[in-house]
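Report on the following structure.
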Amino acid sequence: MKTILIAHNYSETSFSAMSFHFAHHLANLGHKVVFISHKPYFSEKQIIKTEKGEINLFSWSSEDRPTSFSDFIWFYKIYKQYKPDLVIGHFVGSNISILVSKILSFGRVKTFEYYHTLSDQILTDLKKVSLKQKLFFFRKRIFYKLFCDQLVCPSQLAKEDLELFFGVTNSFVLLNPMTDRFTEKKTLSKDSITISFLGRFDPSKGIIDLIEAFLKYKDKNPSSKIILNIAGAGRQAAEIEKLAKKSEAIQFIGFLEYDKIDSYLNNANFTIIPSKFDNLPTVGLESLMNQTPLLISNNTGLTHYLVDGKDCFKFDPTVESMMDLFKKVEDNFDCYTQMSTEARASFIDKFSIQRYNENFSNKIL
């Protein structure tokens, strides 16, 4: 049996749930799991026993991002105590855990780093690339090549982006899963067609173009039955809220607590993802899980795992393409019930926790 260290969030919320459930899966196979949680924060060590193994649960030395010298010293002690055979890293916590483990083991530890965010998405949201950002990209390139045995890509698009932008080829595709919280699809009114957006209000998400396309479509089609909901938060919030006020058919909701997400998505006929660049957007998985078909940009990694006209309608993230999309939705709304059923089927087939656990453990063990 192996000792496996995971640096992520020990939470069943959103896509962090994949690490939560994978830790329990590994422990149930008889392995010892060392889990370092950034959020939630645990002030004291906890040991979670399973039938065949255990999870040793910690948090970093402080509640801040683990980047300080004290975090290095703290992790050094953790490594010396447990001497993991494998390390799986997500986001900032992976820097210390993978780097220190590789050095102290003289390269023997197998390390797996997640590649969550596309380079084009980062560049779009930054608008201007500073010298500091260029140095960050260079540092990441070195880190990936020297200290990571494998990069885990949540989509084929992420794998291609990683190879093109960082010149890294030691990667494989593993689709992110989502906890299945579905109970039943709510019966929706036939008097309107509800399209809902949920996500960060950042340039890469394409929300400004989405609203502009909707306003133009409504001007040309005043009898349209489409209603647009906008929920989320981010730096473009004020601009988006101002634009939304131009039409009574747009409901600006703003920030949405996580425990309200399922109801929000379930109450929509479609969830729209107008991203200019995106990897495997979590809201897309949550929508499919809630039996709500997607309207999805061709510039997302998730698009490649769906079938146009079956579980989604695909479009280019431009104003003109989105106007055509709205017409397509209304002209083909008689297909909605079947698309809803197919959306749920796609979730079960491709994005379940069980499938993820089996695929990942078979890859790394």
### Message
Can you tell me how many residues within segment 54-103 are of a type outside the set (D, E) and in contact with a Lys or Arg (Cβ under 6 Å, 6 or more places away or on another chain)?
### Response
3
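Within segment 55-78, can you find the residues that are more than 27 Å from the chain's Cα centre (by Cα) and closer than 22 Å to L26 by Cβ? Outline the logic, then answer.
Filtering segment 55-78 down to residues more than 27 Å from the chain's Cα centre (by Cα) leaves 69-70, 72-74, 76-78.
Once the filter is applied, which keeps residues that are more than 27 Å from the chain's Cα centre (by Cα) and closer than 22 Å to L26 by Cβ, segment 55-78 yields only I78.
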### Number of the exception - P317 against (1) in a loop (DSSP other than H, G, I, E, B); (2) open to solvent by less than 10 Å² (accessible area, probe 1.4 Å)
(2)
### Task
Just need a number here: residues in segment 341-365 that are open to solvent by less than 50 Å² (accessible area, probe 1.4 Å), in contact with a His (Cβ under 9 Å, 6 or more places away or on another chain) and either more than 19 Å from L306 (Cβ to Cβ) or modelled with pLDDT under 95 (or both).
4
### Query
What number of residues within segment 322-332 satisfy the criterion of being of a type outside the set (A, V, I, L, M) and in contact (Cβ under 8 Å) with a residue 24 or more places away in the chain?
3
### Query
Out of all the residues in segment 129-173, which are among the hydrophobic types (A, V, I, L, M, F, W, C), open to solvent by less than 10 Å² (accessible area, probe 1.4 Å) and under 29 Å from E286 (Cα atoms)?
L151, V152, C153, A158, L162
### Of all residues in segment 67-85 being assigned to a loop (DSSP other than H, G, I, E, B) and modelled with pLDDT under 95, the one that is most open to solvent (accessible area, probe 1.4 Å)
T67
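Per-residue answers, yes or no, for (1) touching a strand residue (DSSP E or B) at 6+ places or on another chain (Cβ under 9 Å); (2) among the aromatic types (F, W, Y); (3) within 26 Å of P154 (Cβ to Cβ):
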{"residue": "E12", "(1), (2), (3)": "no, no, yes"}
{"residue": "A23", "(1), (2), (3)": "yes, no, yes"}
{"residue": "N28", "(1), (2), (3)": "no, no, yes"}
{"residue": "V33", "(1), (2), (3)": "yes, no, yes"}
{"residue": "N56", "(1), (2), (3)": "yes, no, no"}
{"residue": "W60", "(1), (2), (3)": "yes, yes, yes"}
{"residue": "R65", "(1), (2), (3)": "no, no, yes"}
### Query
Residues of segment 272-324 being within 13 Å of D209 (Cα to Cα) and either of a type in the set (D, E, K, R) or in contact with a Cys (Cβ under 7 Å, 6 or more places away or on another chain) (or both), which ones?
K276, D316, E320
### Task
Specify which of the listed residues (T13, T111, T50) is surrounded by 15 or more Cβ atoms within 10 Å (Cβ to Cβ), among the β-branched types (V, I, T) and modelled with pLDDT under 95.
T50
## Note on the structure
Note on S287: of the conditions (1) within 14 Å of the chain's Cα centre (by Cα); (2) open to solvent by 30 Å² or more (accessible area, probe 1.4 Å); (3) of a type in the set (S, T, Y), unmet is (2)
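The values are calculated or read from the model by the stated rules, or taken from the named source; none is laboratory data. Please read all numbers here as calculations on a predicted model, not as lab measurements. FYI the Cβ positions are ideal-geometry reconstructions off the backbone, even for glycines, and counts take in every protein chain you see. These area figures cover heavy atoms from the full protein model, side chains too; ligands, DNA and RNA do not enter into them. Shrake-Rupley method; radii C 1.70, N 1.55, O 1.52, S 1.80 Å.
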